[in-house]
Amino acid sequence: MMCALSTLSIRICSDEDLDLLAVLNKQLIEDEQNDNSMTAKQLKERLRTFIHGGYKAYLFEECGETIGYALVDHGRQPLYLRQFFISRNCRRKGYGKLSFERLQHFLGVQNLDVEVMYWNSPGYEFWKSLGFRERSIYMRL
């Protein structure tokens, strides 16, 4: 059940969230048409390495339901948004834009680097609609 967009919240992930993050990451890989063939177990371990290193993962939630996540490298300046995913059933309803705005506010930053696969035209158009501009293989706000 969907609530009003204003109830969207963000929380930092822990090891207890790794199974969920692996499932969401697998969906992101499928949506990007990436050739990454890692299993959910392998993705979970890779995400564990990330969040125990310089990265933090963030879940976007609304009324107790997960609607997406982000993976941010805190070891780079500007911060690097490595992964950003909104669940398929929540797309085209304003959740992507709102989740990104809330993430920026949560992180206390105006500028982020985002990498977009060159063949991912929906992703490219989404970031462009938020004001990002292309710079090399990254997009920068």
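The values are calculated or read from the model by the stated rules, or taken from the named source; none is laboratory data. Bear in mind the structure is a predicted one, so any value in this text is a computation, not a measurement. In this analysis, Cβ positions are derived from the backbone assuming ideal geometry, glycine residues included, and neighbour counts consider all displayed protein chains. Note: accessible area is taken over every heavy atom of the protein model, side chains too, but ligands, DNA and RNA are not part of it. Shrake-Rupley method; radii C 1.70, N 1.55, O 1.52, S 1.80 Å.
A few points about this structure:
- Of the residues making up the stretch 116-128, those that are surrounded by fewer than 17 Cβ atoms within 10 Å (Cβ to Cβ) and either modelled with pLDDT of 90 or more or not in a helix (DSSP H, G or I) (or both) are Met117, Tyr118, Trp119, Asn120.
- Considering Arg46, Arg82, Arg92, the condition of being at pLDDT below 90 and either in a helix (DSSP H, G or I) or closer than 18 Å to Phe126 by Cβ (or both) is satisfied by Arg92 alone.
- For the stretch 61-106, filtered to residues that are over 24 Å from Val23 (Cβ atoms) and touching a residue at least 12 places away in the same chain (Cβ under 8 Å), the residue that is surrounded by the most Cβ atoms within 10 Å (Cβ to Cβ) is Leu79.
- Filter pass, Ile51 being open to solvent by less than 70 Å² (accessible area, probe 1.4 Å), farther than 22 Å from Thr7 by Cα and touching a Cys at 6+ places or on another chain (Cβ under 9 Å): yes
- In the stretch 30-50, the residues that are under 20 Å from Ile86 (Cα atoms) form Cβ pairs under 6 Å with partners that are in a loop (DSSP other than H, G, I, E, B), at six or more places apart or across chains, as follows: Glu32/Met117; Glu32/Asn120.
So that you can scan it fast, the table gives a plain yes or no per residue for (1) of a type in the set (Phe, Trp, Tyr); (2) over 17 Å from Phe126 (Cβ atoms); (3) at pLDDT below 95; (4) not in a helix (DSSP H, G or I):
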| position | (1), (2), (3), (4) |
| --- | --- |
| Ala22 | no, yes, no, no |
| Gln27 | no, no, yes, no |
| Asp35 | no, yes, yes, yes |
| Leu59 | no, yes, no, yes |
| Phe106 | yes, yes, no, no |
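- Enumeration of residues in the stretch 13-47 that are open to solvent by 40 Å² or more (accessible area, probe 1.4 Å) and within 15 Å of the chain's Cα centre (by Cα): Leu20, Val23, Lys26, Gln27, Glu30, Asp31
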